[in-house]
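What follows is a short report on a single structure.
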Amino acid sequence: MRRTILTGDRPTGPLHLGHYAGSLVTRVELQHSHDTYVLIADLQALTDHADRPEEIRHNVIEVALDYLAVGIDPAVGAIVVQSGVPELAELTGYFLNLVTVERASAATSRRGSWSTR
């Protein structure tokens, strides 16, 4: 049984060399041994870029083109735009009702970012 990978990027700007060296090379390699879903998280990008929806929309296309350019193959895995899957937004609504602010504040990945907003 093949393992599944869900990975992706927020389209807040163009991808750069750091993306390539940090994750894109690995994604290209793993797509052949894993069921791979690469998410372009446009709805998530709007959480702190709500004033620039046109820029986010443009960057979705640019990120998708960058994925293709580095070798992510949509015939092997899936490139998914978050806003194109309404069930993701629906699940987010449910999860928001399950997680308290106190619990979210304790999350290691969120520490420090609450105070900057």
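Coordinate-derived values only; no laboratory data. Every value quoted in this text rests on a predicted model; they were computed, and no experiment measured them. No Cβ is skipped: glycine too gets one built from the backbone with ideal geometry, and neighbour counts run over all protein chains shown.
Structural remarks
- Scanning segment 77-95 for residues that are surrounded by 15 or more Cβ atoms within 10 Å (Cβ to Cβ) and not in a loop (DSSP other than H, G, I, E, B) yields a count of 6.
- Within segment 1-44, if we keep just the residues that are closer than 17 Å to Ser83 by Cα and among the β-branched types (Val, Ile, Thr), the residue that is farthest from the chain's Cα centre (by Cα) turns out to be Thr12.
- Whichever residue in segment 21-49 is touching a helix residue (DSSP H, G or I) at 6+ places or on another chain (Cβ under 8 Å) and assigned to a strand (DSSP E or B) and, among such residues, is nearest to Gly77 (Cα to Cα): Thr36
- So Ile61, is it outside any loop (DSSP other than H, G, I, E, B) and surrounded by 15 or more Cβ atoms within 10 Å (Cβ to Cβ): no
- In segment 1-20, the residues that are assigned to a loop (DSSP other than H, G, I, E, B) form Cβ pairs under 9 Å with partners that are surrounded by 10 or more Cβ atoms within 10 Å (Cβ to Cβ) and aromatic (Phe, Trp, Tyr), at six or more places apart or across chains, as follows: Leu15/Tyr67.
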